[in-house]
Structures are given as structure tokens and as C-alpha cells.
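Data first, discussion second: the structure below is written as C-alpha cells.
The values are calculated or read from the model by the stated rules, or taken from the named source; none is laboratory data. Bear in mind that the values here come from a model prediction, so they are computed numbers and not experimental data. Cβ atoms come from the backbone with ideal geometry, glycine included; neighbour counts cover every protein chain shown. Each accessible area value is taken on the protein alone, full model and side chains, heavy atoms only, with ligands, DNA and RNA left out. Shrake-Rupley method; radii C 1.70, N 1.55, O 1.52, S 1.80 Å.
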Amino acid sequence: MKVDILLGLQWGDEGKGKVVDVLTPRYDVVARFQGGPNAGHTLEFEGQKYVLRSIPSGIFQGDKVNIIGNGVVLDPALFKAEAEALEASGHNLKERLHISKKAHLILPTHRILDAAYEAAKGDAKVGTTGKGIGPTYTDKISRNGVRVGDILHDFDKKYAAAKARHEQILKSLNYEYDLTELEKAWFEGIEYLKQFRFVDSEHEINSLLSEGKSVLCEGAQGTMLDIDFGSYPFVTSSNTVCAGACTGLGIAPNKIGEVYGIFKAYCTRVGAGPFPTELFDKTGDQICTLGHEFGSVTGRKRRCGWIDLVALKYAIMVDGVTKLIMMKSDVLDSFETIKACVAYKVNGEEIDYFPFDIEGVEPVYVELPGWQTDMTKMQSEDEFPEEFNAYLSFLEEQLGVPVKIVSVGPDREQTIERYTEE
Ligand code: GDP
Ligand code: IMO
Ligand code: MG
């Protein structure tokens, strides 16, 4: 068997959590491959709303095994809060949530370092989620990290060495902090974590594949936040692209099957950094209000703009997307016209590829008629308004990949599969 991969194509928050939940019944296993509690994946069903940060979004569908892979960074304190909340609402995790021994731990001092580095950057700050993501991946790459498997061997020594190193850095930055509460919650988290099954997830996943089991790999963030291909340095610190599933789970490239690329019918970004199609007018406010565009982790207002097909084409190329999923179509239900960016203007010259730097590029738009129809109760593609079908055809023609799923609301049920010929 091959694995399928589902990932965001924009700046995150495309609706990955919702779709992973919808697709999970078709798979035996769901596995997260990168990121950490910087993610906030919102799921709605049966009148309930859940936000997942480190736990894969396949956790609500029956007894499916969910795996936190080696590419993920885990904060035990936040994990405990997230898992306990799920258990309190009747979802038993202990047996079916497996955690890679090779996943790196976010230490309390990583969170402090995240804040200290951001403060030191002043106006140039990235606008991180403050969860210690950058410093934890930095320690991983510089071979100084502490991993989940270390909890079982010589843990106190490893923790103390990492903490001492971090405290040296914080001293050099003259950064004041108090670790007491953070550290207390963190060690409670470590004790809690010990109740879960620590696994060699690369062995587990490859064995499952040889037994004919199917695996869905869930990405966090989005391609435009990828450490290599995103709008650097305003990115996260992991490979959010398709290849991240290979390194973040131990899956060989020739085992990749379908690659689902998710995008919103428009575009959002949270945190600092260039965003060519950002709107600063009433239309932008309207998208923000109608789409409830506020971060599920930080509550920050998301910046809103029109869809950027130059960036999307780039993401599709880098990720090898085979099927597209369009989210939040309903948010545009009331618009008379809809714009799509098909090229950038750089120093007066028009380009249709994603350049080295997107700072200051001007979007070139085409305008399409809106459908001005409430789509939120639609059940099948037969009900789609003509203008909506025209918008889909336009996107497919521009992007060269079929749109197979359309989402028309936050609920699990508000998901429409398209069966049109490819
Ligand atoms: P993720 O990080 O990619 O999982 O996305 P988030 O959960 O951070 O953000 C997506 C938000 O949009 C969540 O609040 C979802 O409940 C909501 N959502 C998902 N799909 C749709 C949709 O089709 N329409 C509307 N209106 N909301 C949606
Ligand atoms: P999901 O999985 C949107 C952004 C932050 C910041 C940058 C770096 O819910 O789509 P970090 O804390 O990772 O060092 O922050 O990346 N960011 C996200 N934006 N959705 C996310 O995750 C994000 N995770 C990180 O806002 O700009
Ligand atoms: Mg999110």
C-alpha cells in the first residue's frame, strides 16, 4: 500500500483538520508528520467544536490508530491539556494514540527563547505562535535536542544540560523570565505522557503498509510557511511540503500515493510577512467577518485577501498535488464579483511564476462573477450555481489539477465530493 498525504497549500488554516476528519473513515491510520502546537485544527460535528494542536485529526472517527511522527515537536504540558480535554469529552486516546520516540520535546526554556528571540527582532519579528517551535527545531538540527524516547533513559541529565544551555543564551540576551509555573506543568505533562505508547513510528507505519493497511498523513501549517519554500524568513521551522511526510514519518518517496492539496477559496495569513493579495479595505473586513478569520491558537485576527494562483501553482508543483480540495467556498456566497491573482508585477514587468522574494510584488487580477447563492445547505455538486462551476473550471484550468472536494461550511456534513470526469 501507499500513503496519501493531505497538506495546506497557502499560509495555514486552510481547514486541514476538518477534511482529515472527513477522510479518516477511508483509512486505517492517520499520522501527523511535522509542526507542533503552533497548529490549531478545528473540527465541528454533532454540534460540538474541537481544536486539535498536536493530536492528529483522525482521532474522532471510530477506533482508528493515530500516530504523532518523528517530525513533530511535542510540548508535554500542552499535550496533556489537549488530551485530557478530549478524554473528558468521552474520547479514549491511550490505546490508539502512538507517539514516536524520535519526536523532539519542546522544553519550557524553548518557549522562553521563542519570546526572547522575537523581542530581540523588534519590528522584524516573525509573529510566531510563541510555542517554542523555532528554538526546538534549532536544537534538533544542531544536535542538542531532547526526544520523547529520552524520557526513558537518563532524562534528568539530558533535561538539565539543555536547560543550562538555554539559560546561558537567555542571560546573554538580558531576558527576564520565570520558569516556575511552566516547568511544573511541563513535568506533570511528562508523567502524563508516560501512559501513552512510545513507538518507532517508521517501523510501525512501514509494517502497516506491508500488511495492506492504508495511511493518511496529515500536514500542519501550509506550503507558504515551509522553511525552504515559504516566504522566508516569515515561515515556520519545519518542512510543511509533501517531502516533509517522508522525513517526518520515515516513508520512502516511492510509497507516496495521492497528495491532497487544500486551499481556501480566498487567502489568509496570520503573523508577519509578505502577502501579495492582502486586502486593506471593506472587502477584506467582510471576508474576515464572514469567514470568522481569527486564529484558533492565538485568537489573532487573520489577514485576508483574494486567492493567489501564482503562489498556489508553486505549491502544487513543489508538493506534487494530485487532488485539490477547496474550503470555505460559502464565505464568498454573497460577493457580486470575485478576484483571482493570476500574475505578479515586479518593477513594472509581469511574471507568472513565484519569485525568490515576494515582498512588494503587485498582484494582477482577473475578475469573475460571484454566485450570490447560499451554498451552506447544498448536498451535491448538482446543486452548484452556474457561476460557482465557472469559478471551479477557471481554477482547474489555471492550476492543472482537479478540485475533488468542496467545503461549504465548518461542519463535517458540509462537505461535497465531486465525481466529475478528470
Ligand atoms: P486548519 O489549521 O487547516 O485545520 O484550519 P483551522 O481550523 O485553523 O481554520 C479553519 C477554520 O475554518 C475553522 O474554524 C473551521 O471550522 C472553519 N471551516 C472549515 N471549513 C469551512 C468551510 O467550508 N466554511 C466555513 N465557513 N468554515 C470552514
Ligand atoms: P495550522 O496547522 C497559520 C505561522 C505563525 C508565524 C509563523 C511562525 O493551524 O495551519 P511558529 O510559531 O511556527 O514559529 O510561527 O508561522 N503559523 C501558522 N499560521 N496556521 C498555522 O498552523 C501556523 N503555524 C504557524 O503565525 O507567522
Ligand atoms: Mg489552523
remark   = Among the residues of the range 297-319, the number that are assigned to a loop (DSSP other than H, G, I, E, B), crowded, with 18+ Cβ neighbours inside 10 Å and within 16 Å of ligand 2 (Cβ to nearest atom) is 2
key: Spans of strands (runs of 3 or more DSSP E) in the range 321-422 with at least 2 residues within 16 Å of ligand 3 (Cβ to nearest atom), under 22 Å from A311 (Cα atoms) and not hydroxyl-bearing (S, T, Y)   = 323-327
query = With (1) open to solvent by 20 Å² or more (accessible area, probe 1.4 Å); (2) touching a helix residue (DSSP H, G or I) at 6+ places or on another chain (Cβ under 6 Å); (3) at pLDDT below 95 as the list, and L93 as the residue in question, which single condition is left unmet?
reply = (1)
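If a residue has to be in a helix (DSSP H, G or I), out of contact with any Pro (no Cβ under 8 Å at 6 or more places or on another chain) and within 16 Å of ligand 1 (Cβ to nearest atom) to count, how many in the range 1-28 make the cut? Working first, answer last.
From the range 1-28, those in a helix (DSSP H, G or I) are 16-26; that's our starting set.
In the following step, the residues that additionally are out of contact with any Pro (no Cβ under 8 Å at 6 or more places or on another chain) were identified as 16-17, 19, 21-26.
With within 16 Å of ligand 1 (Cβ to nearest atom) added as a condition, the list becomes 16-17, 19, 21-24.
Selection size over the range 1-28: 7.
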message = Suppose the filter is buried (at least 22 other Cβ atoms within 10 Å of the Cβ), out of contact with any Leu (no Cβ under 6 Å at 6 or more places or on another chain) and of a type in the set (A, V, I, L, M, F, W, C); does V19 pass it?
response = yes
task = For the range 106-136, enumerate the residues that are within 21 Å of K301 (Cα to Cα), in contact with a Phe, Trp or Tyr (Cβ under 9 Å, 6 or more places away or on another chain) and surrounded by fewer than 16 Cβ atoms within 10 Å (Cβ to Cβ).
result = A119, K125, G127
inquiry  = Whether any residue in the range 54-73 is under 26 Å from D200 (Cβ atoms), among the aliphatic types (A, V, I, L, M), open to solvent by 10 Å² or more (accessible area, probe 1.4 Å) and more than 16 Å from ligand 3 (Cβ to nearest atom) is what I want to check.
reply    = yes
ask   = Is there any pair linking a residue in the range 159-173 that is at pLDDT 95 or above to one that is of a type in the set (S, T, Y), with Cβ under 6 Å and at least six apart or on different chains, and which?
value = K163/T109; H166/T109
request  = Give the residue that is surrounded by the most Cβ atoms within 10 Å (Cβ to Cβ), with candidates limited to residues of the range 30-47 that are more than 14 Å from the chain's Cα centre (by Cα) and within 16 Å of ligand 2 (Cβ to nearest atom).
outcome  = V30
request  = Go through the range 77-123 and count every residue that is farther than 25 Å from E46 by Cβ, free of Cβ contacts under 8 Å to residues at least 60 places away in the same chain and not small (G, A, S).
outcome  = 9
ask   = Given G299, G291, G261, which one is at positive phi and either of a type in the set (G, A, S) or out of contact with any Ser or Thr (no Cβ under 6 Å at 6 or more places or on another chain) (or both)?
value = G299
Lone qualifier among Y27, Y50 - being within 15 Å of ligand 2 (Cβ to nearest atom), surrounded by fewer than 24 Cβ atoms within 10 Å (Cβ to Cβ) and not charged (D, E, K, R) = Y50
key: Every residue from the range 29-59 that is away from ligand 1 (no atom under 12 Å from the Cβ) and assigned to a strand (DSSP E or B)   = V29, V30, A31
inquiry  = Any residue that is surrounded by fewer than 21 Cβ atoms within 10 Å (Cβ to Cβ) and in contact with a strand residue (DSSP E or B) (Cβ under 8 Å, 6 or more places away or on another chain) - is there at least one of those in the range 220-227?
reply    = no
remark   = For the range 284-317 the number of residues that are of a type outside the set (S, T, Y) and within 16 Å of ligand 3 (Cβ to nearest atom) is 13
ask   = Can you find even one residue in the range 399-420 that is out of contact with any strand residue (DSSP E or B) (no Cβ under 9 Å at 6 or more places or on another chain), at pLDDT 95 or above and acidic (D, E)?
value = no
query = Could you list, in sequence order, the residues of the range 277-293 that are loosely packed, with under 14 Cβ neighbours inside 10 Å and within 16 Å of ligand 2 (Cβ to nearest atom)?
reply = H292
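Taking Y260 as the residue in question, decide whether it is of a type in the set (F, W, Y) and open to solvent by less than 10 Å² (accessible area, probe 1.4 Å).
no
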